[in-house]
Amino acid sequence: MVIKSIIQIIIAVLLIAAILLQMQGSGISRTFGGGGEFYRSKQSIEKLLVWVTIILSVSFGLITLLFSPR
């Protein structure tokens with residue numbers, strides 16, 4: 001069960017980092033007005049962060065359910 005706890009801690013830290021990066025990125029995209037090439041690359045980074053957040057949250061939930069005591 002120690003391995004489960006370590007995996008959950010790692011996923012939780014990564015999930016927190018992904019959420020904080022999303023919050024930080026929303027202000028940056030508004031600052032630059034959303035125009036030009038920078039905006040398109042910024043959009044793809046934001047989409048990637050959304051998918052990473054979804055994957056991390058689902059994996060955290062599944063690990064919690066799979067290794068929960070019955």
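With each pseudo-label sitting 7 Å past Cα toward Cβ, what's the ILE6-ILE54 distance in nm, one decimal?
For ILE6 paired with ILE54, the spin-label model returns 3.1 nm.
Using θ = phi - 60° and the Karplus form 6.51 cos²θ - 1.76 cosθ + 1.60, what ³J(HN,Hα) does each residue of region 53-65 get, whole Hz, x for Gly and Pro?
4, 4, 5, 5, 5, 5, 5, 4, x, 5, 4, 5, 6
The numbers here are math on the coordinates, done by the rules we state, and not lab data. The model shown is predicted, which means the values in this text are computed figures rather than measured ones. For neighbour counting, all protein chains shown are included, and Cβ atoms are generated from backbone atoms with ideal geometry for every residue, glycine included.
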